[in-house]
Amino acid sequence: MPRRRGLAIQSILLTADLLRIRALAVRREWSSSTIHVAAVSAGATLFSLIYLGTYLGAHALWQAGAIGLLSTVPPWALLIYLLTDVVIAFGQALGDLYASRDMPLLMTMPVRVPALITSKFVLGVVQNELYAAVFLLPFVLGYLSALNASWIAYPVMIVGIAVFPAILYAALVVVTILALRIVPARLAKESLWLIGAVVPTAFWITMFYRIAHITGDVTVMSLPAPPSWLPSTWLGWALASFGGASPGGVGAGIGWTGLLLFETFAVCPPALWLVSYAFARGWSDSFATGAAKSVDSLNAIAPRRSGLRALVLKDLLTFVRTPQLWFNHIGALMFVVYLLVGHAVQTPVFPLTLQLAMVQIGFVAILGSVTPGMTALSLEHSSIWFLRSAPLNSRDILIAKVLVPFAQTGTIAAIGGALLSAGYGFPIASRVVVVAFGILMAACSVSLGVAFDTRFPSFAWENPNAINRGPRMVIPFLNGLAMLVICCGALFFSRDEWPGAVGLAAGLAISVIFSALMVWQTLVRASRNLEQLEV
Amino acid sequence: MSVPLIDVSRLLKRFDKTVAVDSISFSVEAGEIFGFLGPNGAGKTTTIKMLTGLLRPTSGRALLGGLDIVRRPEAAKRLFGYVPDEPNLYPKLTAVEFLNFVGDVYGLDVGRKRSRIAELLELFELRANDGELLEAYSHGMKQKVALCAALLHEPRIYFLDEPTVGLDPKSARLLKDILRAVTRAGCAVMMSTHIMEIAQTLCDRVAIINRGSIAAMGTVQELRNLQGDATLEDVFLNVTGGAADAAAADVRLTNFVAGKR
């Protein structure tokens, strides 16, 4: 008879086993040394950019004596991270617990449910630690070094950053489990993802509306206080205290970090333990399916379409019926709102010009292309056998796989560009230019994503959000950013060389030429990748 | 002399240093059901994947209706219907939407598409559920939809990889009847299976593949005669080394049961 173990031992052993299995899976998925080097380089680049940007920004504010901004920026930066992570981690919590492929096996094993929840929780947190290390750590290090903080601030803040994803993920796990006990599973699965997007969006818009109404000189300016009950605010206050921008200094910094640690270790485990009992029932209910429709479904049979059109329509249906795929677009539009209200507090460093608005919408387009481009082929999942065994040529497959993401991101770039330029009060001609540049960058970013996805497709994901994690997300995103930097250089160079409309037209023309070359090159490569694809 | 619908010559597939399929040759005529037997990992699915364009052969040639699957993939793919070993279908489509998509890809006009989809859904008793998303279907129901998709465009060649797995006895019987009917109409069927009874009663010829090579091939009676009128199962075990393995497994089983006491 197998030995019966205590809950704590079960949790520890299961967590260690699952972590080992996940690490092996990741290592085997990314077995190419080229991709290892590319992933590490991309991560290092992102880390360096955030560190440098924060260092320079904080240093400039310090020299300008902008103590108000220095003390309120950290809680805001952490709040932005928190809201972004909510969008990602909501889907992840549901995917890790209910939609995970190993759950049926684990649920039949003699493992107690709280141990199972604990293990899955740790696994989810470890994954989020990666994002914290790439995005939060360089921000904190840049801030502390710019303000010559005491050495004790570094280890304390690193511990705070390490704990921060745990408390966020715990809250989402609790909400997910409880929601599946109240809302019918068929609705809950899709609607939880929607809530994950809508709540931060509403919060974000309200908060940025308040920022938009800030007035005064930079030396007395400060951002409105974010909600004091949020852990992101505590960590932000800790950072500001360590940097000397908030009263209390090192003592206050340690105090705020201590509060975060206390809440994480004192409140999270009992909360998770309590709700884990609701999990088993919710998991069972999540298999419930809806009643069959009474309408004659044969009416859906449409007149004959070409293979390409059929493929496009199939991908559009999948997109419409998978809310997880909408997040990227919601995120991109949220960024447009941020830019619109951020414009109200623009500094002399970045005066608003048409070229700056074009670069801004270019960034929105690249942000909006992250998921659709690099998941175009991977979305076929294990049904890829059909595409490869059907009489479809690679050209048609490639066109469909570019068209559908481009239709999504091009639309988002166009809407975002129109909103942004209207909000900035540009004349009609300038609005058209902004929209055109956004669409151009969307085309670039989508083709880069598709090329990457055809080379490194992932057909074994558990939920669509899981496709574009790690290197799969970072590498094409940075490639898109590099293209934006090149076009940005062309725009500003031509503006300086030739005044007015001539400079603008020249900058746009150069951008079109660079982009067309890049799109052509990547699509040729993607076509070759598709020809060689084996499944 | 008629041209075989499936003509495989010295087909080889290598994954790094592992030879999965080792220079196999065979052909399947019109009106023939060709059974492909072999133990797990013998190379059955790899062979079928090469014949359907999912994997590129390392060397050798595969002609379908006289068309090379590597050189003229699109034309060759129009000739066959394929049911994979796992019926993975687009989860966010309904059965009707999926079959409509398949019909479009194979270029069926709306009238033919509509009548074929209705007939097939009726035949496999899927009409009651055809408006549900495929993600809600059971394994057996997905298998039926995959069979419908393979039959939809009335191909001349059928590749079926373990087609009866997950099917209830009634549907398995229906499938056998369909396969007999399509071969009577001049089609060729190549199917892999682990079920000896199906191979014995359904297949006109059988090939047994072991470790990537064809160990035996012929009509069921010819194979049985090889071992003095043994059953197909005995022949299978002998040519795949399974007989010796079975004896060793008996010893292991005896020890295992003894250890339990």
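No value in this document is a laboratory result; all are computed from the given coordinates. In this text the structure is predicted, and so the values were computed from the model without any measurement. Here the Cβ is made from the backbone with ideal geometry for all residues, glycine too, and neighbour counts use every protein chain on show.
Of note:
- Here A:LYS120 is the anchor, and the lysines within straight C-alpha reach of less than 26 Å, apart from those fewer than 8 places off in the same chain, are A:LYS189.
- Relative contact order [Cα under 8 Å, 6+ residues apart], chain A, whole percent: 17 percent
- The order of the peptides A:131-137, B:11-17, A:172-178 by mean Cβ neighbours within 10 Å, most packed first, is A:172-178, A:131-137, B:11-17.
- Highest mean first, the peptides A:16-26, A:60-70, B:159-169, B:143-153 sorted by other C-beta atoms within 10 Å per residue fall in the order B:143-153, B:159-169, A:60-70, A:16-26.
- Counting, for every residue in A:386-399, the Cβ atoms of other protein chains within 10 Å of its Cβ and taking the mean gives 5.
- Within chain A, the whole DSSP H helices whose Cα atoms reach 30 Å or more along their own axis and whose mean Kyte-Doolittle score is at least 0.0 are A:7-29, A:33-63, A:67-97, A:153-182, A:185-212, A:394-423, A:428-455, A:471-497, A:500-532.
- Average partner coverage of B:80-91, which counts Cβ from other chains inside 10 Å: 4
- Rounded to the nearest 0.05, the FRET efficiency derived from the C-beta distance between A:ALA99 and A:ALA60 at R0 = 51 Å is 0.65.
- About its Cα centre, the range A:364-504 has a charge dipole of approximately 120 debye under the convention of +1 per Lys or Arg Cβ and -1 per Asp or Glu Cβ, with nothing else charged.
- A dipole drawn for the range A:306-535 from +1 and -1 charges on Cβ atoms has a positive end, and of A:MET441, A:SER306, A:ASN529 the residue lying farthest that way is A:SER306.
- Net charge of neighbours whose Cβ lies under 13 Å from the Cβ of A:PHE135, counting Lys and Arg as +1 and Asp and Glu as -1: -2
- Charging the Cβ of each Asp and Glu at -1 and of each Lys and Arg at +1, and nothing else, the dipole of the protein assembly as shown about its Cα centre rounds to 380 debye.
- Other residues whose C-beta falls under 13 angstrom from the C-beta of B:VAL83 contribute a net charge of -1, scoring Lys and Arg +1 and Asp and Glu -1.
- Mean per-residue shielding of peptide B:46-53 is 2, counting Cβ atoms of other chains within 10 Å of each Cβ.
- Along the axis of the charge dipole computed for chain A (Cβ charges of +1 for Lys and Arg, -1 for Asp and Glu, origin at the Cα centre), the listed residues A:LEU356, A:SER382, A:HIS36 are led at the positive end by A:SER382.
- Where labels lie 7 Å past Cα in the beta-carbon direction, separation of B:LEU226 and A:ARG309 in nm: 5.2 nm
- Take the convex hull of the alpha carbons in the protein assembly as shown; its mean projected area over all directions comes to 39.8 nm².
- Using C-alpha pairs under 8 Å with a sequence gap of at least 6, the mean separation divided by the residue count of chain B gives a relative contact order of 25 percent.
- With a simple spin-label model that places each label point 7 Å from the Cα along the Cα-to-Cβ direction, the separation between B:ARG252 and A:THR353 comes to 7.5 nm.
- Cross-link pairs beyond the 21 Å C-alpha cut-off, checked among B:LYS13/B:LYS144; A:LYS401/B:LYS44; B:LYS49/B:LYS113; A:LYS314/B:LYS142: B:LYS13/B:LYS144; A:LYS401/B:LYS44; B:LYS49/B:LYS113
- Residue-span extension gain [A:VAL320 to A:THR34] - 0.36 nm each, minus C-alpha spacing: 99.4 nm
- Euclidean distance of C-alpha centroids, the range A:81-138 and the range B:34-80, integer Å: 41 Å
- Normalised by the number of residues in the range B:33-149, the mean separation of alpha-carbon contacts (under 8 Å, six or more apart) gives a relative contact order of 24 percent.
- Net charge over other residues, Cβ less than 9 angstrom from the Cβ of A:THR454 (K, R count +1; D, E count -1): +3
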